[in-house]
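Below: the structure, in structure tokens.
Only the coordinates and a few stated rules stand behind these numbers; no lab work does. Not measured: the values here are computed from a predicted model. With ideal geometry, Cβ positions are generated from the backbone for all residues, glycine too; neighbour counts draw on all protein chains shown.
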Amino acid sequence: MSTTRATGPGASAAATHGQAAAAPATTAGTATSAGAGNPAGPADTGEITRLQKNLKPHWVWAIALGSAVGWGAFVLPTDWMAAAGPMGALLGLAIGGGLMILVGVSYGFLARTFPVSGGAFAYTLVGFGRTHAFICAWFMTLGYTSIVALNASALALLGRRVFPQVAELGYLYNVAGWDVYFGEVMIATVALVVFAFINISGASFSGRAQFIFCVIMVTAVVIVLIGVIVSPAGQLSNVDPVFHPDINPLAGIMAIVAIAPWAYIGFDNIPQAAEEFDFPAKKAFSLIVWSLLAATFLYCAMILATASAYPWQDLMGENHVWATADAIMASMGVFGLVLLVIAASMGIFTGLNGFFVSGSRVLLAMGRAEMIPAVFSRVHRKYGTPHIGIFFVMAFCLVAPWFGRTALSWIVDMASIGFTFAFLYTCSCAFKLFRWSHQEDHADVEGARSTPRKLMAAAGVVVAIAFCLLLLVPGSPAQLTLPSMIAMGIWILVGAVFYFLRRGHNRTLSDDYVDQAVLGGPRPEFLRRPTGTSAGTTTGATTSTSPGTTTS
């Protein structure tokens, strides 16, 4: 076994912000490379096993793009046009994509500075401490896992359109107006099990598969868009009127902009996987930008293709199982339908795969911090993947198809708030780390002196707050529904109970221990507590020697 002190991806965080890479091993045990043959794992020996660095740049880009697009681009264009008209939907998604790039500035900088698993959880830990990190991760975990479940149910929805005799086999019951069939439950179940094992089988395997899925998806969308435009049945005049005649254009655009945290969530999977980069972490920001630009193109291409293929207002007034498919088929025939099914399938596959990655990495980081049972910090001895987290996400999601898609959508809508919290924490942490150009750089944070980037981090904070208000303020065009608000209240209550149940244990862990476990080294000096290292007590200047003890 190759056992080192704070080496590997986690240790590069410390090296990046100027701290000694070889922090005392007793702070959080020793750091070992994933797959190095540790049979017991951190939960048994105190070792922190780091993930292998085997993700290539184009795989990481594909993880972000596929997660951001998912199934929505192929199922929801008519819903978006019903809210804002074709032009309102195009403008709303384009503006939303631009705002996400603004938020991505903070993610890119922090992923470079702290290239570890956990993403916004790790950044919130650095900037605001463990309690805030728990709040952030609690919502992120629900958001990531619920989107995995929603993508699985989207595959079942696709089955209703393509193979209704299979998907609608064995009627069970109705939940909130949604008929639940045994066939669609089994389709979702098989998809969840298959992608769980793909992720367990190695990050390089899932990354390579993700890239192939994305290439197929983008190719199919381009062919569909060109096919609709050149088809005699499809014409741009179908797009008129460009805005919904019964809805204020600005209100419609803002309603679409408000879904940006949901529509583009997935770009933050790049920092989630930062520990596994086999390339310099400074590339993270460019990968975020290119993934968001590609996602914006795919969303807008499908809206334009749907609106051009068939008079969009007619689609609103008819009962369609899959209105986008009906429009494309009316213009391009069976060939267009086949292409759309392929593109939608790839979108669902990439969403499943990408959010298994992000959900399991958040759980891995929380397990390292022991905010949840430390068993979640284990990695597979052969494949080097966080298999406990992957199994947890799968188990959580296997329950969801039995409740129907309507009930699941309440949870996903509520999870949008969680993602905006993650944006808010990340941008706030970046603002704390960035320095004005006339100030000196932090000694332990490289490249932090930049007035433009500090202003962009501040703008990201404003954007995140605005998204929260759009989702929560009564009368807002994007206000959450009552069922979603109730779901959010229940999740907050469950989180509060869990937090206080773990509080006693967490108070025995020093800040140095948690930093070493999550970051692979100490946080920047100016962000450390001036006195004391314990989560609940202060004892003057101390150094941590074990998870539960300190010495003068």
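A few remarks follow.
- Lysine pair count for the chain [Cα-Cα under 18 Å; pairs on different chains or 8 or more apart]: 7
- Positive-end ranking of 170, 215, 126 along the dipole of the stretch 57-523, with charges on Cβ about the Cα centre, is headed by 126.
- Applied to the stretch 206-215, the Karplus parametrisation 6.51 cos²θ - 1.76 cosθ + 1.60 on θ = phi - 60° returns per-residue 3J(HN,Hα) values of 5, x, 5, 4, 4, 5, 4, 4, 5, 4 Hz, with x for Gly and Pro.
- Distance from the stretch 58-84 to the stretch 111-158 (C-alpha centre basis), Å: 19
- For residue 435, residues with placed amide H under 5 Å, excluding near neighbours: 449, 450
- Residues in the stretch 407-418 carry Karplus couplings, in order, of 5, 5, 5, 4, 5, 5, 4, 5, 5, 4, 4, x Hz; the curve used is 6.51 cos²θ - 1.76 cosθ + 1.60 with θ = phi - 60°, and Gly or Pro positions show x.
- The share of alpha-carbon pairs in the stretch 415-494 lying farther apart than 20 Å comes to 46%.
- A cut-off of 5 Å between modelled amide H atoms, ignoring neighbours fewer than 5 places along the same chain, links residue 380 with 385, 387.
- Contact order relative to length of the stretch 57-523, as percent, for alpha carbon pairs under 8 angstrom and 6 or more apart: 31
- Candidate values (i) 23.4, 81; (ii) 55.8, 204; (iii) 22.7, 70, label of the one derived for Rg and Dmax of the Cα atoms in Å: (i)
- Difference of contour (0.36 nm per residue) and Cα-Cα distance, residue 441 to residue 500: 17.4 nm
- Note, ³J(HN,Hα) from phi for the stretch 246-255, Karplus 6.51, -1.76, 1.60, rounded to Hz, x at Gly and Pro: 9, 10, 4, x, 5, 5, x, 4, 5, 4
- Computed per residue of the chain from DSSP H runs no shorter than four, each worth -39500 (n - 2.57), the mean residue ellipticity at 222 nm is -21500 deg cm²/dmol.
- Spin-label pair residue 293-residue 375: with each label point 7 Å from Cα along the Cα-Cβ axis, the two points sit 4.6 nm from one another.
- 14 Å beta-carbon shell around residue 168, net charge (K/R +1, D/E -1): +1
- Proximity of backbone amide H atoms, modeled 1.01 Å from N, is registered between residue 50 and 32, 33, 34 at under 5 Å, excluding neighbours fewer than 5 places apart on the same chain.
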